[in-house]
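Q: I'd like to ask you about the structure that follows.
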C-alpha cells in the first residue's frame, strides 16, 4: 500500500468513526426514522453528483428488486437501528458493537453454505462474541447501555453482514459507484413513507441539523467515495483493516463529547478486535468455486 492508500484508509476510518457520535447528536431533535432518512438523502445527493460528474449510469432495471433488498439490509434498516439503539447506548459502545459485523458476515456465509471456516476462525468468532459480552456488561453496569438498545445495534451489525454477503453474490460486474448511489436512492425511498407519516421533528437545533448533514454528506456520501476509490487500488482484505480502527475512533470521539469510557469498554474492544484479527489471519475455505469465497 502507498502513502495515499494509508491516508485514505485513515480518512475513511475517521469519516465512519465519527458517524456514531453524529447519530447521537442528530437524535437529540430528530426522530430515529428521520436520522436514517436524512442520512440516506444527503449521502444520495453526494453520490448522485459523483455519478453525474463521472457519467456513471444506474444499474439495469431488472436488478433493482435485488438492489432494493441490499439497500434495506445495508442502509435503511441498520441506520434506523443505530438511531434507535443510540437513544439508550453511548456512541463509543455502539462503535464497539459495530465491530461485530465481520463476525456476523462469516456466520451468514456459513449459514448460506458459501464458506467453511477453519478452526482458528471459529475461535476468532468465539473471542469476538466474548468481547461483545464484556463490552455490554461493562456498559450496562456503568449506565452507558441498555439491553434493548444493544440488541438493536447488534441487529444492525447482523444486517450489515447479511447484506454484504448478498451484495457480493449479486452485484458482480457492476460499477461500485452506481451500486452505492442506487442503494442510497432506494434507501431514501424505503424510509420516506415512514418519515412522512410517522413522528415529525418539532424544534431542531443547529447542532442536530449540522450533525445529520455531516452524517449524510461525510459519513455516507464522501465515505463511500473514499471507500470505492481505495478498493480500486488495494485488495478487499486490506480495506478490512478499517474494522480495527473504527472502535478506536468511536472511543476517541465519544470521550471528546464527554462520554464515559470505562475499563470494561476498553478491554471489550481489545477482545473484539483480537477475535476479528484472528478471523482474518487465514482465508476462508470456499464451499464452491474460488470466486465464491466469502469476504
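Here, each number is a calculation from the coordinates, and none is a lab measurement. The structure presented is a predicted model; accordingly, all values stated were derived computationally and were not measured. Methodologically, a virtual Cβ is constructed for each residue, glycine included, from the backbone with ideal geometry; neighbour enumeration extends over all protein chains shown.
Q: Can you compute the label reach from residue 274? Point 7 Å from Cα along the Cβ direction, backbone N cut-off under 18 Å, restricted to segment 105-133.
A: Answer for segment 105-133: 120-133.
Q: Find the relative contact order for the chain and round it to a whole percent, using C-alpha pairs within less than 8 Å whose residues are 6+ positions apart.
A: 42
Q: Where in segment 24-42 does the amide nitrogen come within less than 16 Å of the point 7 Å from the Cα of residue 151, taken along Cα to Cβ?
A: Nothing falls inside the zone, counting backbone N under 16 Å.
Q: Could you give the length gained by full extension between residue 204 and residue 233, i.e. 0.36 nm per residue of separation minus their alpha carbon distance, to one decimal place?
A: Length gained between residue 204 and residue 233: 6.3 nm.
Q: Can you tell me the length gained on complete extension of the stretch residue 112 to residue 126, counting 0.36 nm per residue apart and subtracting the Cα distance?
A: Stretched fully, the residue 112-residue 126 segment lengthens by 3.1 nm.
Q: Sticking with the crude label model, points 7 Å out along Cα→Cβ, report the distance from residue 137 to residue 61 in nm, one decimal please.
A: 5.6
Q: Output the peptides 159-171, 216-228, 190-202, 54-66 sorted from most to least packed, where packing is the average of other Cβ atoms within 10 Å over each peptide's residues.
A: The densest-packed peptide leads the list: 216-228, 159-171, 190-202, 54-66.
Q: Using the basic label-point model (7 angstrom from Cα toward the beta carbon), what is the residue 49 to residue 2 distance in nanometres?
A: Roughly 2.5 nm, to one decimal.
Q: Please give the direction-averaged projected area of the C-alpha convex hull for the chain, in square nanometres with one decimal.
A: Projected over every direction and averaged, the Cα hull of the chain covers 15.1 nm².
Q: Turning to a different aspect of this structure: At 222 nm, what helix-only mean residue ellipticity would the chain give, in deg cm²/dmol to the nearest 500, using -39500 (n - 2.57) for each DSSP H run of four or more?
A: The helix contribution divided over the chain gives -22500 deg cm²/dmol.
Q: What full-extension length gain, to one decimal in nm, is calculated for residue 192 and residue 11 as 0.36 nm per residue of separation minus the Cα-Cα distance?
A: Roughly 62.1 nm would be gained on extension.
Q: Give the calculated FRET efficiency between residue 69 and residue 267 to the nearest 0.05, with a Förster radius of 30 Å applied to their Cβ-Cβ distance.
A: For R0 = 30 Å, the calculated efficiency reads 0.20.
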